[in-house]
1. Calculate the spin-label point distance for Ser163 paired with Val64, positioning each point 7 Å from the Cα along the beta-carbon direction, and give it in nanometres.
2. For the chain, count the residues as N, evaluate 2.2 N^0.38 Å, and divide the Cα radius of gyration by that value, please.
3. Could you list Asp43, Asp100, Asp232 so that the one with the fewest beta carbons within 10 Å of its beta carbon is first and the one with the most is last?
4. Treat each spin label as a single point 7 Å out from the Cα along the C-beta direction, and report the Ala32 to Asp114 distance in nm.
5. Label points 7 Å out from Cα along the Cβ direction at Ala284 and His198: separation in nm?
6. Would you be so kind as to identify which of Gly152, Thr21, Phe190 lies farthest towards the positive end of the dipole of the chain, taking Lys and Arg as +1 and Asp and Glu as -1 on Cβ and the Cα centre as origin?
7. Could you order peptides 179-192, 241-254, 152-165 by the average number of other Cβ atoms within 10 Å of their residues, highest first?
8. Gln101 to Thr42: extension gain in nm, 0.36 nm per residue of separation minus the Cα-Cα distance?
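What follows draws every value from the coordinates through simple rules; no lab data is involved. Quick caveat: nothing in here was measured; it's all calculated off a predicted structure. Cβ: placed from backbone, ideal geometry, glycine included. Neighbour counts: every protein chain shown.
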Amino acid sequence: MHLLVPFAGTVSEAGRQALQTLALPQLERLLAQLSPTQTLGTDEFTMSPPHELAMAAAMGWPLVDGALPWAADIAARAGLPADEQAWALLNPVHLHAGTDQVHLTDPAELALDDATSQALLEAVRHLFESEGFSLHWVSARQWLATHAIFDGLATASIDRVVSRNVDPWLPDHRQARLLRRLQNEVQMVFHTHPLNDHCESAGLPTVNSFWCSGCGRLSRGQVAADAPVVDDRLRAPALGEDWTAWCEAWRALDAGPVADLLRSPTEARITLCGERLARRWEPAQRSMWQRLSGSFQRTAAPHFLEPL
């Protein structure tokens, strides 16, 4: 089993302080029996977060920052012709305008059901199709689009942008000008849409824009059959800066999936991902002394998680 854990570490000062209070005995036992084999990522300013790089590496994709073809992968799994054109993932989102910044609300907080999502997509379909795009509804929070401009277009993952100022993450190169114009037009349509009026009257966040990411092509045969198991329970509290909930989620993760890996440590693999780095541990040939010393000496979890 290969377990991949996004948001296992954080660059937030409050989060790093909370990390010092964490006791994760099962993780410490597991890592004492494994060896680090791969590190991916550089810093918190890359468009593709470390957990996406780690997933892409496990799937055998070229690691191009901001141009990992997640949309094409979703299309392929949905039975669409993923290898015939370039795809992009469009997430319906709520942009919150503050005094001097615009922040992106976590899409998980939107009360968006399938019927509402489909109706909103149909309301803007003509804007896209008039410019040569093709739109496909996949789920309430995932729309797909095809167009030549998505071939090699680098965009920021939505996990880089949630709860943050969107301006530094908006694509500003020439290839994205049409996309930026469409975002403005979509915002105008959604601003007066009756479904959003209903959400506002109920005190719920509206869908007032979309976020584009995961652009590119997927070559035939690039859909992995044996991808890692992703446990993303740390994502929501990390993005929401709720470090008490994040610590509670870590303890549950330690007592559950991490403890399960300890039952077969010779077959266990784990990748821990923060905002800067993704680091993978797996069984490796070790000397008798390394095995004995590892069973007696365990390193505290913050030692492994802080650099992420």
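1. Taking the two extended label points, one gets 3.2 nm.
2. 1.08
3. Ordered from fewest to most neighbouring Cβ atoms within 10 Å, Asp43, Asp100, Asp232 come out as Asp100, Asp43, Asp232.
4. 4.9 nm
5. 5.6 nm
6. In the chain, that residue is Thr21.
7. 152-165, 241-254, 179-192
8. Taking 0.36 nm per residue and subtracting the Cα distance, the gain is 18.6 nm.
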